Amino acid sequence: MSAVSAPPPPAGPVQAGRRVMLLQGLMGPFFQRLGKGLRKAGHEVFKVNFNGGDRAYWGLPNGIDYKGTLADWPATFAGLLTRHRITDVMLFGDCRDHHMGAVEMCRAHGATVWVFEEGYVRPDWVTMENGGVNGHSQLSRDPQWYRDRAAQLPPVPQHRKVPSSFRRRALQGLWYNTADVLTRWRYPGWETHRPWHPLVEGVGWARKLMRRDERRAQGEALLARLQDERAGYYLFPLQLDSDAQIRLHSPFAGMIEAIKLVLQSFAAHAPADSRLVVKEHPLDNGVRDWQLETADLARRFGIADRVDYLAWGDIEAIAEGALGMVTVNSTSGTLALARGVPVVVLGKAVYGLADLTFQDGLDRFWTEAAPPDAATFAAFQRVLIDQCLIPGGFFSDEALDKVVTHAIARFEGRPLMPD
């Protein structure tokens, strides 16, 4: 059996426009909508489906089913680049196993790589960067470079918030994983970058959906208590345990190691009258009970009465009142910086710069951290918007329409348009 099931290569000369290949996107319709938009703009679009979830969310012409192994993928992908005369490759997350091999082949073949991710600046922005993101980004590490570059740029176009639905996120994850499980026979070589079986992940999402009202009530009660008591607290937003930003761009093998380090440091060095709020990631699948594991560690370090767990809530509101934010390398860090909240980074992050984040380690952060330099952050944000951010989001029709429109504009070299 052939590793690739694909349409025949196009005949004749290359048509006007570019020839784009999409790899894996989010568990949802983003890449399908992007493909439609690119086709409407006159570009030829292909899509590689690695499993049934990818296929279920495509449904357009030029779908390519890859049925081979991870080991065979780079050579097969190189053949696809040549066969279909691909000029550009788009993917979500450059650290997935299949994507890392693809990026290397794109460099060898001269194809431009466009990497999507959650926005470096949140909310309502999406990262669309050439070559790589986060730890693989080519952005400068020199704060002065951002100040100099920003001084040459015009003001940011008007920008409005976009809606986002947790229910939509969860249902898309359930549908993707169901389609994956039911069609495993079709993709015998598929190996997911995620550590859980899709059925396990699906059960986790279903459990979160069923407990949504309970979790919302608990979150609202905690936020109200913190506000009423005017307690001084630090914020630690969790990241996804399977996230490559943890596995490849931090010193941790998983989030439990980061939680242990942060709680232990907080117990030993934070002011005795301060609290620590551990915030669950909104896209966590619920497979691991982070609230229980956090509580167990807090008891071990003797700070059970000073650690709160926020399973649901607006991170903007909780970050606004924080004494500081501790993060591995979450994009939530820029949300705190934008509000003048001190931030310390435990891994590699594009915003982990002098003048923005605390540079002297976690233990000293609790008592010595100072707010970011506002002018440097404004320059940093302005350059990011110029270089690698587009307005929009992934979890509502309005958000998807916006991000697709601006992604195509950025792809074609047109400036961002005001909302």
Discussion item. I'd like to check something: does region 150-166 contain any residue that is in contact with a Leu (Cβ under 9 Å, 6 or more places away or on another chain) and modelled with pLDDT of 85 or more?
Written reply: no
Fill in: Hits in region 312-330 - residues which are touching a Gly at 6+ places or on another chain (Cβ under 6 Å) and closer than 19 Å to S242 by Cα
T327, V328, N329
Worksheet entry | Test: residue in region 270-291 that is at pLDDT below 95, over 18 Å from the mean Cα position of the chain (by Cα), under 30 Å from W145 (Cα atoms) and part of a loop (DSSP other than H, G, I, E, B) | no
Item to complete: Mind counting the residues in region 379-419 that are among the hydrophobic types (A, V, I, L, M, F, W, C) and assigned to a helix (DSSP H, G or I)?
Response: 13
Discussion item. Six or more apart or on different chains, Cβ atoms under 6 Å: show the pairs whose first residue is in region 296-309 and more than 18 Å from G219 (Cα to Cα) and in contact (Cβ under 8 Å) with a residue 40 or more places away in the chain and whose second is not hydroxyl-bearing (S, T, Y) and not in a strand (DSSP E or B).
Written reply: I303/A267
Worksheet item: surrounded by fewer than 18 Cβ atoms within 10 Å (Cβ to Cβ) and touching a strand residue (DSSP E or B) at 6+ places or on another chain (Cβ under 6 Å) - does that describe any residue in region 136-147?
Response: no
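Quick one: count up the residues across region 111-128 that are of a type outside the set (S, T, Y) and at pLDDT 95 or above. Working first, answer last.
Let us first name the residues in region 111-128 that are of a type outside the set (S, T, Y), namely 111, 113-119, 121-126, 128.
Filter again for at pLDDT 95 or above, leaving 111, 113-116, 128.
Final tally of qualifying residues: 6.
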Fill in: Scope region 51-61; condition in contact with a Gly (Cβ under 9 Å, 6 or more places away or on another chain), in a loop (DSSP other than H, G, I, E, B) and buried (at least 18 other Cβ atoms within 10 Å of the Cβ); matching residues
Y57, W58
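Quick test for you: out of D296, D305, D241, pick the one residue that is part of a helix (DSSP H, G or I), assigned by TED's automatic domain parsing to the domain that holds R364 and farther than 19 Å from W366 by Cα. Give the derivation first.
Values: D305 fails: farther than 19 Å from W366 by Cα; D241 fails: part of a helix (DSSP H, G or I).
None of the other options fit; the residue is D296.
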Worksheet, complete the sentence: R169 meets each of (1) at pLDDT below 85; (2) assigned to a loop (DSSP other than H, G, I, E, B); (3) closer than 22 Å to P29 by Cβ with one exception, condition (2)
Worksheet entry | Members of region 73-94 that are within 26 Å of the chain's Cα centre (by Cα), free of Cβ contacts under 8 Å to residues at least 60 places away in the same chain and surrounded by fewer than 21 Cβ atoms within 10 Å (Cβ to Cβ) | P74
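For region 283-307: of the residues being in contact with a strand residue (DSSP E or B) (Cβ under 8 Å, 6 or more places away or on another chain) and β-branched (V, I, T), which is nearest to I256 (Cα to Cα)?
Start the filter on region 283-307 by keeping residues that are in contact with a strand residue (DSSP E or B) (Cβ under 8 Å, 6 or more places away or on another chain), which leaves 290-291, 294-295, 298, 303, 306-307.
Subsequent filtering for residues that are β-branched (V, I, T) retains 294, 303, 307.
Details: T294: 8, I303: 17, V307: 15 Å.
Out of the qualifying residues, it is T294.
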Worksheet entry | Candidate set from region 220-234 (those that are among the aliphatic types (A, V, I, L, M), assigned to a helix (DSSP H, G or I) and touching a residue at least 24 places away in the same chain (Cβ under 8 Å)); member that is farthest from D305 (Cα to Cα) | L223
Fill in: For S396: the one exception among (1) modelled with pLDDT of 95 or more; (2) hydroxyl-bearing (S, T, Y); (3) surrounded by fewer than 22 Cβ atoms within 10 Å (Cβ to Cβ)
(1)
Worksheet item: Taking region 361-419 only, how many residues are within 17 Å of the chain's Cα centre (by Cα) and more than 18 Å from E117 (Cβ to Cβ)?
Response: 1
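The values are calculated or read from the model by the stated rules, or taken from the named source; none is laboratory data. Note that the structure is a prediction, hence the values are computed from the model and not measured. Cβ sites come from the backbone with ideal geometry, for glycine too, and all protein chains shown count toward neighbours.
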